[in-house]
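The values are calculated or read from the model by the stated rules, or taken from the named source; none is laboratory data. Please read all numbers here as calculations on a predicted model, not as lab measurements. Please note: Cβ atoms are built from the backbone with ideal geometry, for glycine as well, and neighbour counts cover all protein chains shown.
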Amino acid sequence: MLVFIARRLVVSLFVLFAASFVMFVLAANVGDPLADLRELPDDAQASAIAERVERMHLDLPVYARYFLWLGAAFTGDLGTNRQGQDVNVLLADAISATMQLVVAATVLAIVIGIAIGIISALRQYSGFDHSVTFGAFVAFSLPIFWVGVLLKQYGAIEFNNWLAQPVIPPLVIGVVALLAGLAWSSLIVGDRRTRLIAFTGATAVTAALLAFTSLTRWFADPGLGPVTVAISALGAAFGFSVLISGPKPNRPMYAALTAAAVGTVMYFVLSPVLDAPNLATIAGLAVTTVAVCVAIGYGVGGVLHRRNAIATAVWTGVFTGGVIFVDRMLQSFVSYSRSVQGRPISTVGARTPNYEGTFWELTLDSAGHLALPTMALILVSLATYTRYSRASMLEVMNLDYVRTARAKGLPERTVMTRHAFRNGLIPITTLAAYDFGTVIGGAVVTETVFGWRAMGHLLITGLNEADPIPVMAFFVVASGAIVIFNMIADITYAYLDPRIRLS
Amino acid sequence: MTQSPIPPPPAEEPGKVLDGAAAVTEAAGEVHTARTLEDTQGPTENEILRVENLSVEFPTDDGVVRAVRNVSYSLREREVLSIVGESGSGKSVSSMALLGLLPRSARVSGKVLYRGQDLLAMRQKELRSVRGRKISMIFQDPMTALNPVHSVGDQLAEAVLAHELVPPKHALERAREMLDLVGIPQAAQRLRSYPHEFSGGMRQRVMIAMAIINNPDVIIADEPTTALDVTVQAQILEKLLEVKDAVNSAILLITHDLGVVAGLAHRVLVMYAGRPVEVGTTDDVFYRTRMPYTAGLLGSIPSMTSAYGERLRPIQGTPPSLINMPTGCPFSPRCPLADDTCRSSEPPLAPTDGAEGPDTAGPDAGGVPVAAHLASCHHWERLAETDDPTAFFRNGGITP
Amino acid sequence: MSTPENTPSGATGPDPDSGASNEAQGMNIAARTQWQLVRARFFRHRAALVGMFLLISVVLLAFTSIGYGPLPGWWDKSPTATGSLSDGGNPTLSLVPQFLGGSGLALGEHPFGQDNVGKDYFALTMKGTQVSLIVAFVVGIVATVVGTVLGACAGYFRGWTESVLMRVTDVLIAIPLLAIAAAAAKIAGQAGIFYLGMVLGLVTWTQTARLVRSSVLSLREKEFVEAARSVGTSSARIIFKHILPNTVGVIIVSVTLAIAAAVLLESALSFLGMGVQPPDTSLGRLITDYRSAMSTRPWLFYWPGLFIILIALSVNFIGDGLRDAFDPRQNRVRD
């Protein structure tokens, strides 16, 4: 295994060198780096050109400039752009901006995409499956910059206008409720009666919820409150235990319920701590939550159910923690919204310039700026995960060992989780790892549409100015990520599949 | 064939069964003698599984595939019933249908009565308690039937834990005992191995261990040796007979290989184009063949006793498409005896004369003797008239 | 050509005695070639048929309306002529019939509206569609030819040929697609749309090469290749006569995927200002040119976007239909 990794590392390094040479040569030839100076009046032209030739080493052939850059890059110095700015400094800012954008988007796309893909596979040929398939095809065909502009128009400008008077028109309520009803009824297995009940129930509940939020102007001052927190914690406890250990009351379910109850109590107990936290507090609380839930699961589970009980307790605890976090964040919504003139969803940049506020307000500010570009990125990569996990699941579900598992008399839930998912998700894990590598390069268009000064900015200004140095800075990070994550993909695959791990 | 009716032994503790089985393993280790059916306990009078008019259809883009049509048979405790047929004859599909393991698109009709309860009418949950505990299965290809990402021990223990609430450690211990029983050396260490670390024959032993781990009443073995080397085939079949005695179960042996059937099955059911065409005790079917298709199959087996230079007598042609079934006897296009009657009407599965043996007299619940010799042929009398029915297939099947 | 899986059951086997009577009993289904089967399956795929219809419609509309090169079209306005604005440049296309309160099905003077200097936007969109289609098809063909040849060689020859080719592929994959495509497009964009297409094809063939290689890797171990090799057939002949015809499904599907991806890549590059250069225009270029008009003249933004989606979606549907037609796993029935 170690030999395998070492060999991969060496090969990857050579690949990176070759790739960097190709990129440098291309970037150095995209145009005339002196074009803007040639329009200067004659007297200023000569000295300006001389200065830039000196700074960019234009008197040297391309390969010599490449080795100059490479030599410096080894010492950690990525050079200066043609205005003389230190690219290392530009890069540091760009990386942090891009990371904020792509990490959340990719993680969400993976989680949501795989979930939708699996459900779609389990309900093959249902109305839900057909809609998902069609939706995925549309998403595959969407130009992201076009979607981005649409989102800016409707997700930000129009939405912020609407927030001033957040009343949902009855027609919208009706249509959304009907759609929700259809979605639920197509997910339920059963005869016509059960599906009709599901349809009516889902429609009614959705309509009531929307009407309630509209009447109370909930969107003007969104918040969850202790009752909602408690209800979602309980719901999560039931949901996770049904998923993990089945619908009968048993120890894992008791563990989950305990975790939910502890979470709800903590909502009140921790209230003063959460008034003015910082990132460390939040991280500490998250770790504590997991630890406490493991303990609950261990204690309640007993010898027979320990594994499942720990799983249900931890999932429930983490979910409840998330709900509490959102609740606290939303409590600051009104003050934040007021400080940005009632336009919380932003279209440009990573944060409101010169904005000062509490931890929660700053979080909301980030969220408001991340919302739209994240949505655009998710929309586009969601489709890949949905299609891929659906196909992978369908393939695995017809394999012999899944039939063996069924023939053993395992419940369908166990057949699916232990045998189908476990195997079907191996290729998706590698896809996800690979995808993480490419998102930095793939987010360029989105960053441009939403005016983020991030990695894409380096690439585009570099190419427009025929200046290879910023382009190479982009390259080092983006290609480095591709190569490293490709390697991680291979290693995960080997780790998850014992046939490779043990050979 | 010795068929002394022995009353079913009282339900034994798993441990006790294992002791007996361990003794068998030891004995087999000392002097390797080929075990045959005669060495095992014969069937009782008690019917354990009864299949009535089982039919399976698959809707496809090209039309409805009628994979299984009106299959009926019964299986007694400790009996070995073999279903024989070419690929595409519906033998695997019919066995998969018993436990509801076919893809969702399959349309299954008829009855599958296990101790009087209809498995096809059961709810998923009830059916689940039968699968793997009362009726277990061994699949054809041991290379793909085991999950590559879980250890063999986990997969065996899982079969126990699916039906009993015991600590995982106990289930693993049982798994080890089973691996011992099926003759896997160093069972305790092998529990942690993954399927790809076993050879094909060893994997099939693991599958057998999995099939018997809950002491089932019926083991369905779906071509258990087809994917294996010839040398390993015999060992696996022997092991199958051995464990049959160890857990006192009946076996439904699905195969395309008549050679396998000869020493292993009490009774044989021959299938062609989705339906049974001849049913009877192994001796009856082999020595008093009453259906030309069976005769054709027998003629296709190379024999040690045939004269030098004598040619095999294979059946010409291929089985019919299961989508557009011909109107008459489905075998008629390939049959040397076929005439216009055969091409216009499909013969029913009816009793013939060719039955011998003590069971003939004992009627089963349906009124047809369990060991009656049934065949689906308009002209079975013509086979009864000759000593060597395979002779009909001489000269490429041209009727003399 | 026909692999075992693709031979319909019940249609094989010599049966000299009863051939005639078999047919009368429906025993023989007429043997169908693989192409006939593929065609039959493709025509059963409704989405693919709709995609096919849409794509042909878009191609015909784009090329007949304003004509191409010296050939004249039936639409009387040119994409370059400016003019006076009528009705503020609003689209005159009407799809709502009169009995529903609309003004009937009518094109009007400027069905897609006009831009701020009075150019007819229908003609402009058609021009952009032409360019986007041409670039996409050139990319698709170049990428597929290069990818297929390199993939087939890598898969067939193994040894150092494979190592070199795969390392080249690795190098290309290691560079973010958008970065290398943008740089290449910036170099070639000035030279015209065909060069642009070719250059983009030369940087996007890696996926096809990988697919073809893995398909060839499994095929080269098959008996019929061994047989061909044992009688001394040349490598080139084995690759082109025995192996590639069996990977035709993989190749055709990857053409469609490459074309769909190329439509989006070209429009994204043009949007960034690195693809198609003036005086040429493309759908992506139109969007970026009129991006700021979103709030005042939204139609300038909608039409090219709709056409990009239309093209990409129909090509994707066709690709899906082809994949199902070549690899019909869903109607496999096992015994």
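Looking across the stretch A:35-56, the residues that are assigned to a loop (DSSP other than H, G, I, E, B) and under 41 Å from the mean Cα position of the chain (by Cα) come down to A:Ala35, A:Asp36.
I'd like the full set of residues that are surrounded by 20 or more Cβ atoms within 10 Å (Cβ to Cβ) and outside any loop (DSSP other than H, G, I, E, B), limited to the stretch B:178-189. B:Met178, B:Leu179, B:Leu181, listed by residue number.
Which is small (Gly, Ala, Ser) and more than 30 Å from C:Ser292 (Cβ to Cβ), of A:Ala156, A:Ala139, A:Ala202, A:Ala164? Going through A:Ala156, A:Ala139, A:Ala202, A:Ala164 in turn, the sole match is A:Ala202.
Of the residues A:Val402, A:Val396, which is modelled with pLDDT of 90 or more and either assigned to a helix (DSSP H, G or I) or within 19 Å of the chain's Cα centre (by Cα) (or both)? If you could, list the steps in order and put the result at the bottom.
Working: A:Val396 fails: modelled with pLDDT of 90 or more.
Of the residues listed, the single one that is modelled with pLDDT of 90 or more and either assigned to a helix (DSSP H, G or I) or within 19 Å of the chain's Cα centre (by Cα) (or both) is A:Val402.
Just one residue in the set B:Ser105, B:Ser87, B:Ser109, B:Ser92 is outside any strand (DSSP E or B), under 24 Å from A:Gln124 (Cβ atoms) and either more than 11 Å from chain A (Cβ to nearest Cβ) or among the acidic types (Asp, Glu) (or both); that residue is B:Ser92. Scanning the stretch B:273-288 for residues that are hydroxyl-bearing (Ser, Thr, Tyr) and over 14 Å from the mean Cα position of the chain (by Cα) gives a single hit, B:Tyr287.
Note on the stretch B:86-111: residues that are among the small types (Gly, Ala, Ser) and within 18 Å of B:Ile323 (Cα to Cα) total 9. In the stretch B:114-134 there is at least one residue matching the filter, namely being more than 25 Å from A:Gly424 (Cα to Cα), within 7 Å of another protein chain (Cβ to nearest Cβ) and of a type in the set (D, E, K, R). Of all residues in the stretch A:10-35, those satisfying the criterion of being surrounded by 13 or more Cβ atoms within 10 Å (Cβ to Cβ), more than 9 Å from chain C (Cβ to nearest Cβ) and modelled with pLDDT under 85 are A:Pro33, A:Leu34.
Consider the stretch A:94-115. How many of its residues are farther than 30 Å from A:Met393 by Cα and either free of Cβ contacts under 8 Å to residues at least 24 places away in the same chain or exposed (fewer than 15 other Cβ atoms within 10 Å of the Cβ) (or both)?
Keep residues of the stretch A:94-115 that are farther than 30 Å from A:Met393 by Cα, which gives A:94-100.
Filter once more, keeping what is either free of Cβ contacts under 8 Å to residues at least 24 places away in the same chain or exposed (fewer than 15 other Cβ atoms within 10 Å of the Cβ) (or both): A:96, A:99.
Summing the residues that are farther than 30 Å from A:Met393 by Cα and either free of Cβ contacts under 8 Å to residues at least 24 places away in the same chain or exposed (fewer than 15 other Cβ atoms within 10 Å of the Cβ) (or both) in the stretch A:94-115 gives 2.
Has the stretch A:193-212 got at least one residue that is surrounded by fewer than 13 Cβ atoms within 10 Å (Cβ to Cβ) and either in contact with a strand residue (DSSP E or B) (Cβ under 8 Å, 6 or more places away or on another chain) or charged (D, E, K, R) (or both)? Yes, the conditions are met somewhere in the stretch A:193-212. Residues of the stretch C:34-60 that are within 14 Å of chain B (Cβ to nearest Cβ) and touching a helix residue (DSSP H, G or I) at 6+ places or on another chain (Cβ under 7 Å): C:Leu37, C:Val38, C:Arg41, C:Phe42, C:Phe43, C:His45. Considering the stretch B:219-234, and only residues there that are modelled with pLDDT of 85 or more and out of contact with any Asp or Glu (no Cβ under 9 Å at 6 or more places or on another chain), the residue that is farthest from A:Arg406 (Cα to Cα) turns out to be B:Pro224. Candidates are the residues of the stretch A:213-227 that are of a type in the set (Val, Ile, Thr) and loosely packed, with under 13 Cβ neighbours inside 10 Å; the one that is farthest from the chain's Cα centre (by Cα) is A:Thr216.
Exactly one residue among A:Val294, A:Val300 is assigned to a helix (DSSP H, G or I) and without any contact (Cβ under 8 Å) to a residue 40 or more places away in the chain, and that residue is A:Val294. Annotation: of all residues in the stretch A:296-305 being of a type in the set (Gly, Ala, Ser) and over 18 Å from A:Ala233 (Cα atoms), the one that is nearest to the other protein chains (Cβ to nearest Cβ) is A:Gly302. Answer yes or no: is there a residue in the stretch C:267-278 that is at pLDDT 85 or above, in contact with a helix residue (DSSP H, G or I) (Cβ under 7 Å, 6 or more places away or on another chain), closer than 23 Å to C:Ala154 by Cβ and not polar (S, T, N, Q). Within the stretch C:267-278 (the criterion being at pLDDT 85 or above, in contact with a helix residue (DSSP H, G or I) (Cβ under 7 Å, 6 or more places away or on another chain), closer than 23 Å to C:Ala154 by Cβ and not polar (S, T, N, Q)), the answer is no, since none of the residues qualifies.
Within the stretch B:136-150, if we keep just the residues that are under 25 Å from B:Arg275 (Cα atoms) and touching a helix residue (DSSP H, G or I) at 6+ places or on another chain (Cβ under 7 Å), the residue that is nearest to the other protein chains (Cβ to nearest Cβ) turns out to be B:Met137.
Looking at the stretch B:314-335 only, could you name the residues that are more than 7 Å from chain C (Cβ to nearest Cβ) and in a loop (DSSP other than H, G, I, E, B)? Show your work before the answer.
Kept after step one, since they are more than 7 Å from chain C (Cβ to nearest Cβ), are these residues of the stretch B:314-335: B:314-315, B:319, B:322-323, B:325, B:328-332, B:334-335.
Listed by number, the residues that qualify are B:Pro314, B:Ile315, B:Pro319, B:Leu322, B:Ile323, B:Met325, B:Gly328, B:Cys329, B:Pro330, B:Phe331, B:Cys335.
Scanning the stretch B:155-175 for residues that are hydrophobic (A, V, I, L, M, F, W, C), facing another protein chain (nearest Cβ under 8 Å) and crowded, with 19+ Cβ neighbours inside 10 Å returns B:Ala159, B:Ala162.
So that you can scan it fast, the table gives a plain yes or no per residue for (1) modelled with pLDDT under 85; (2) within 14 Å of chain C (Cβ to nearest Cβ):
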{"position": "A:Val138", "(1), (2)": "no, yes"}
{"position": "A:Gly148", "(1), (2)": "no, yes"}
{"position": "A:Phe159", "(1), (2)": "no, no"}
{"position": "A:Trp162", "(1), (2)": "no, no"}
{"position": "A:Arg192", "(1), (2)": "yes, no"}
{"position": "A:Val205", "(1), (2)": "no, no"}
{"position": "A:Ala208", "(1), (2)": "no, no"}
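Restricted to the stretch B:217-230, and to residues that are free of Cβ contacts under 8 Å to residues at least 60 places away in the same chain and within 15 Å of B:Arg203 (Cα to Cα), which residue is surrounded by the most Cβ atoms within 10 Å (Cβ to Cβ)?
Applying the first criterion (free of Cβ contacts under 8 Å to residues at least 60 places away in the same chain) to the stretch B:217-230 yields B:225, B:229-230.
In the following step, the residues that additionally are within 15 Å of B:Arg203 (Cα to Cα) were identified as B:225, B:229.
Values: B:Thr225: 24, B:Asp229: 11.
If we take residues in the stretch B:217-230 being free of Cβ contacts under 8 Å to residues at least 60 places away in the same chain and within 15 Å of B:Arg203 (Cα to Cα), then B:Thr225 is surrounded by the most Cβ atoms within 10 Å (Cβ to Cβ).
Scanning the stretch A:434-455 for residues that are away from every other protein chain (no Cβ under 11 Å) and under 16 Å from A:Ile95 (Cβ atoms) yields A:Phe436, A:Trp452, A:Arg453, A:Ala454. Does A:Gly441 fit the bill of being within 30 Å of A:Leu34 (Cβ to Cβ), assigned to a helix (DSSP H, G or I) and under 17 Å from the mean Cα position of the chain (by Cα)? Taking the combined requirement at face value, the residue satisfies it.
Pairing each residue of the stretch A:475-503 that is acidic (Asp, Glu) with any residue that is at pLDDT 80 or above and outside any loop (DSSP other than H, G, I, E, B), provided the two are 6+ apart or on different chains, yields C-beta distances under 7 Å for A:Asp490/A:Arg8; A:Asp497/A:Ile426.
Taking the stretch A:366-408 as the range and being touching a strand residue (DSSP E or B) at 6+ places or on another chain (Cβ under 8 Å) and surrounded by fewer than 24 Cβ atoms within 10 Å (Cβ to Cβ) as the test, only A:Arg406 passes.
C:Ile187 falls short on exactly one of the conditions (1) part of a helix (DSSP H, G or I); (2) more than 13 Å from every other protein chain (Cβ to nearest Cβ); (3) surrounded by fewer than 24 Cβ atoms within 10 Å (Cβ to Cβ), and that condition is (2).
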